[in-house]
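A.B. asks: Let me give you the structure first, and then I'll get to my questions.
Derivation of every value follows stated rules applied to the coordinates shown; laboratory data play no part. Values in this document were obtained by computation on a predicted structure and should not be read as measured data. Because the Cβ atoms are built from the backbone with ideal geometry, glycine has one as well, and the counts that use them run over all protein chains shown.
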Amino acid sequence: MKTKFRLWKNQQGLAAVEFAFILPIMISMLLGLVELSQALVQRADVTNMASTAADLIAQESTVANGDMTNVYSALSEILYPYCKATVGNPRPQAQITITSLIDGGAGQNPKVAWSCTQGGTKATAPPSPMPAGLITAGGGGSVIWASITYSYSSPFHYLLSTANWKSEFYSKPRRVPQIPLTGVVTGC
């Protein structure tokens, strides 16, 4: 009887057993937190890419091939530390489309003056619905529309396996009413 009571009170190894029960839960929480935070950072980077693309082009008086190449290079660096390399493509590219929307005239809808893309499809029409107040009909103005699409692929596939994120941003030209595209520009 005395030995049974002694075994009941003996707590050696109890912490190890409790730790073995809790460890998988703690590791799951850690991996989930790392995956979620990395996904949120990349989502914010996609938003930053859209605003940066529209802003860089809106600062120009004209756009040439070198300007677009520099903008595409700068934008691809925003996602650099998080991109997962694949065979034949060291870093996955986001689909970047930069479009100049111009005034279509009094009583008319805005129209596409030019559209350039890297890895995506050129815009042939303004977005629908287009935010109100960007271009005044008959005013001769324009707006730069940047659209970024990025396919996120999780390194752990614990909470998220993949997600497709899209961000759009509009910016008014700063130096001229409408920014022309000059010369032969790759992707336009």
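A.B. asks: As an exercise, identify the chymotrypsin sites (Phe, Trp or Tyr not before Pro) in the stretch 139-188 lying in DSSP coil whose Cβ has no more than 16 other Cβ atoms within 10 Å.
C.D. replies: Phe156, Tyr158
A.B. asks: Continuing with the same structure: So what J values fall out for the stretch 116-127 if you push phi through Karplus, 6.51 cos²θ - 1.76 cosθ + 1.60 with θ = phi - 60°, rounded to Hz, Gly and Pro as x?
C.D. replies: 10, 9, 10, x, x, 10, 5, 6, 10, 8, x, x
A.B. asks: Here's something else I'd like to know. At 0.36 nm per residue, minus the direct Cα-Cα distance, what do Ala74 and Ala16 gain on full extension? Give it in nm, one decimal, please. Mind dumping the intermediate values first?
C.D. replies: Values: separation 58, 0.36 × 58 = 20.88 nm, distance 5.16 nm.
Taking Ala74 through Ala16 to full extension adds about 15.7 nm, to one decimal.
A.B. asks: Here is a further query. Treating only the Cβ of Lys, Arg, Asp and Glu as charged (+1, +1, -1, -1), what charge dipole size does the chain show about its Cα centre? Round to the nearest 20 debye.
C.D. replies: Using only the charged Cβ atoms, the result is roughly 940 debye.
A.B. asks: For the chain, which longest stretch is free of loop sites, where a loop site is one of the trypsin sites (Lys or Arg not before Pro) that DSSP puts outside H, G, I, E and B and that has at most 14 other Cβ atoms within 10 Å?
C.D. replies: Free of exposed loop sites, the longest segment is 1-83.
A.B. asks: What distance in nm separates the simple spin-label points at Gln95 and Thr186, each placed 7 Å from Cα in the Cβ direction?
C.D. replies: Distance between label points: 2.1 nm.
A.B. asks: For labels at Ser51 and Ala113 in the simple 7 Å Cα→Cβ model, what's the distance in nm?
C.D. replies: Spacing of the two 7 Å Cα→Cβ label points: 2.4 nm.
A.B. asks: From Cα coordinates alone, what are the radius of gyration and Dmax values for the chain in angstrom?
C.D. replies: For the chain, the Cα radius of gyration and maximum Cα-Cα distance read 26.3, 100 Å.
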